[in-house]
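Please treat every number below as a calculation from the coordinates, not as lab data. Keep in mind that what you see is a predicted model, and the values were worked out from it rather than measured.
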Amino acid sequence: MQIGVQVDPLNSPHPVPWSWVLATQAEVSRNGHVRVRYYRSHSLISPDGQYATYSRIKIKGQSEPHRSRITSVMFVENLQTGALRTITASSPFADNPLASCEEAHLPGAFSIVLPISWSNSSDRVLARQFEGRLGTSDASDYALVWDCQQNCSSTIAPEGINYNYAILLGWSKNNPEQVLFRAGEFGEENWSMGRVALNGKTTLAAEDKPMVFGQVVNHVWAGPQG
């Protein structure tokens, strides 16, 4: 897999702003100075119109890509009260202040979160947590699920099946409490479709289909922020 050739490194249906990552890294490499840049994603409005969620991505760029770091955080705003919550994943490279994981601070690590769907009942958010190492083919998706009512989050990925790469697709149509991934190894033609519960239990789901809900809003302040 050649990360950076495609619009999205994993050819995900929910692409991360990888072109911005590459352009920012190229700028830093040319100038030879450490640079910090930010990117704000689109906003995703819940079906009931009460919540909006978006993410902010941060690059701390070094002249050599394998020394740069990319972190991100997701926000959920109550549009009625203005209350804002910060949501972070517990995946290996996520910059989670509540977890003491050395991997998250490794040079070259990237962790990009992007909201992709609300639940149809507007009580849960599903986000793509895309992680790996810059300059390598090591990259895969996790799913970050935040429950608005319980104020708790879960970070999950397929378990019990062999794969190098997992691509988050959306909620399961057949079981809306679970999420769908496509998983396999680069070069293989047929990848497995797996339905993953919040406890990580994974079942094959060849006949299932992904579902996404919510309205995407591209505000004028979305995109690179200097």
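Taking the chain as a Gaussian network, Cα atoms linked when under 10 Å apart, which of Gln80, Gln25, Gln129 shows the biggest mean-square fluctuation?
Judging by the Gaussian network model, the answer is Gln80.
With a bin width of 10 angstrom, please list the P(r) values of segment 102-141 as percents of all Cα-Cα pairs, from the 0 bin to the one holding the largest distance.
Here the calculated profile for segment 102-141 is 27, 40, 22, 11, 0.
Can you list the residues, at least 5 places off or on another chain, whose amide H is less than 5 Å from the amide H of Ser12, using H built in the peptide plane?
Those qualifying (amide H under 5 Å, at least 5 residues apart or on another chain) number zero.
Could you name the aspartates and glutamates whose alpha carbon sits less than 15 Å from that of Lys60, not counting residues in the same chain fewer than 8 places away?
Output for Lys60: Glu27, Asp95.
Just want to confirm a number: the relative contact order over the chain, from Cα pairs under 8 angstrom separated by 6+ residues, in percent.
The normalised contact order for the chain reaches 18 percent.
How large is the helix-only mean residue ellipticity at 222 nm for the chain, computed as the sum of -39500 (n - 2.57) over DSSP H runs with n ≥ 4, divided by its residue count, in deg cm²/dmol to the nearest 500?
Helix-only estimate at 222 nm: -2000 deg cm²/dmol.
Residue by residue through segment 152-168, what is 3J(HN,Hα) from phi via Karplus (6.51 cos²θ - 1.76 cosθ + 1.60, θ = phi - 60°)? Round to whole Hz and write x for glycine and proline.
Karplus values, whole Hz, x for Gly and Pro: 9, 10, 10, 10, 9, 8, x, 10, x, 10, 7, 6, 9, 10, 10, 10, 6.
Give the whole-number value, in cubic angstrom per residue, of the convex hull volume spanned by the C-alpha atoms of the chain.
122 Å³
Once you have the Kirkwood Rh of segment 1-83 from its Cα pairs, apply Stokes-Einstein at 10 °C and 1.306 mPa s and quote D in µm²/s.
Stokes-Einstein gives a translational diffusion coefficient of 110 µm²/s.
Please report, largest first and rounded to whole Å, the three semi-axes of the ellipsoid equivalent to segment 124-190, where each semi-axis is the square root of five times an eigenvalue of the C-alpha gyration tensor.
24, 15, 8
Straight distance only, please: which lysines reach the Cα of Lys209 with their own Cα at less than 21 Å, same-chain residues fewer than 8 apart left out?
Lys209 reaches Lys173, Lys201.
Test of understanding: in a Gaussian network model of the chain with alpha carbons linked when under 10 Å, which of Thr203, Thr71, Thr86 would top the mean-square fluctuation ranking?
Taking springs between Cα atoms under 10 Å, the residue moving most is Thr86.
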